[in-house]
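Q: Sharing a structure, written as structure tokens. Questions coming.
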Amino acid sequence: MTAVLITGCSSGIGQAAALRLARRPDLTVYATARRVESLADLADAGCRVLTLDVTDEASMSAAVGAIEAEHGSVGVLVNNAGYGEFGTVEETSLERVREQFDMNVFGLARLTQLVLPGMRAAGRGRIVNVSSMGGRLVFPVGGYYHASKYAVEAISDALRFEAAPFGIAVSVVEPGLIRTGFEEAARRTLAGSEVSDGPYGALSAAAKDQTGRSYRSNLLTASPDAVAKTIERAVTARRPRPRYVVTAAARLLVHTRRLLGARVFDGYLRRQFRTPKKA
């Protein structure tokens, strides 16, 4: 049995991935979250549950140690835990930016460091990092969130090359707009950083409006299980892809940004966000 460690399983993508992978007879799924009591439904579904806080060294070491004690190594690591800190570059508190990077980037990196020795000793392993289409393109009022996902992309690209000689495959999953609690959290962090009568008030208001309209569209969004299916492919494929983009709208945006360049994409954003001109 291959041991699968998934972070951020209390809701959304992590929860859906744990449920889906737990149905496979060849996998033992360890679903984790900061509060283990939030994982009761996953335990009922056959997952092993562990407390794991990706911003706490002792918590990460204990979780990895417990799995290695039973299985020898973590066979698959799915780095899913993360959140979005939204606001303009000028107005967002850098303390909050550091907290976001601690979870989205440094927690992912440290947990990866902890599982790699066991994977190398076993001569095999899979690491699936849940990034975002926001690791390939940038929307205004989300610069720091995008920066964290660009960092995940860079770490994953380097690790994919470094780990390959040891039989370890690394994939990045890049969801578009997924119907989880992400939208609510994004709007909450944006509200906490904006100054309504400040120089970016109109832009922040346009960003909140655009976010709401986008998440209400069935054409632009998908369910968490759509990402879970993709994670399953990355975990089980004989030759997993380096990247998986989830949702047709995300694929269109990623390719549009890549093919048309920054100036054309900026023009698209000005129409979408009605960016006001400032002196």
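The values are calculated or read from the model by the stated rules, or taken from the named source; none is laboratory data. Note that the structure is a prediction, hence the values are computed from the model and not measured. Cβ atoms come from the backbone with ideal geometry, glycine included; neighbour counts cover every protein chain shown.
Here is a yes/no grid of residues against (1) touching a helix residue (DSSP H, G or I) at 6+ places or on another chain (Cβ under 9 Å); (2) without any contact (Cβ under 8 Å) to a residue 24 or more places away in the chain; (3) closer than 26 Å to G167 by Cβ; (4) among the polar types (S, T, N, Q):
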site: I231; (1), (2), (3), (4): yes, no, yes, no
site: A234; (1), (2), (3), (4): no, no, yes, no
site: A249; (1), (2), (3), (4): yes, no, no, no
site: H255; (1), (2), (3), (4): no, yes, no, no
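Q: So if I check each of V74, V130, which one is among the β-branched types (V, I, T) and under 16 Å from E153 (Cα atoms)?
A: Answer to the selection: V130.
Q: Restricting region 212-232 to residues that are aliphatic (A, V, I, L, M) and out of contact with any Leu (no Cβ under 8 Å at 6 or more places or on another chain), which is surrounded by the most Cβ atoms within 10 Å (Cβ to Cβ)?
A: The residue in question is V227.
Q: Restrict the check to region 32-44 and report whether at least one residue is without any contact (Cβ under 8 Å) to a residue 60 or more places away in the chain and assigned to a strand (DSSP E or B).
A: yes
Q: Okay, moving on. Does D56 fit the bill of being of a type in the set (D, E, K, R) and within 30 Å of F166 (Cβ to Cβ)?
A: yes
Q: Kindly check whether there is at least one residue in region 101-115 that is buried (at least 19 other Cβ atoms within 10 Å of the Cβ), within 20 Å of T189 (Cβ to Cβ) and in contact with a Pro (Cβ under 9 Å, 6 or more places away or on another chain).
A: no
Q: Which one of S93, S131 is at pLDDT 95 or above and of a type in the set (S, T, Y)?
A: Matching residue, one of S93, S131: S131.
Q: Say whether the condition of being among the aliphatic types (A, V, I, L, M), out of contact with any Pro (no Cβ under 8 Å at 6 or more places or on another chain), surrounded by fewer than 18 Cβ atoms within 10 Å (Cβ to Cβ) and touching a residue at least 60 places away in the same chain (Cβ under 8 Å) is met by at least one residue in region 180-187.
A: For region 180-187, residues among the aliphatic types (A, V, I, L, M), out of contact with any Pro (no Cβ under 8 Å at 6 or more places or on another chain), surrounded by fewer than 18 Cβ atoms within 10 Å (Cβ to Cβ) and touching a residue at least 60 places away in the same chain (Cβ under 8 Å): present.
Q: Would you kindly identify the helices (runs of 4 or more DSSP H) lying entirely within region 177-260 that contain at least 2 residues that are at pLDDT 90 or above, of a type outside the set (D, E, K, R) and under 21 Å from the mean Cα position of the chain (by Cα)?
A: 224-236
Q: Tell me yes or no: at least one residue of region 1-13 is surrounded by 20 or more Cβ atoms within 10 Å (Cβ to Cβ), of a type outside the set (S, T, N, Q) and farther than 24 Å from S132 by Cβ.
A: Yes, because at least one residue in region 1-13 is surrounded by 20 or more Cβ atoms within 10 Å (Cβ to Cβ), of a type outside the set (S, T, N, Q) and farther than 24 Å from S132 by Cβ.
Q: If you take the residues of region 41-93 that are in contact with an Asp or Glu (Cβ under 9 Å, 6 or more places away or on another chain) and of a type in the set (D, E), which of them is surrounded by the most Cβ atoms within 10 Å (Cβ to Cβ)?
A: E85
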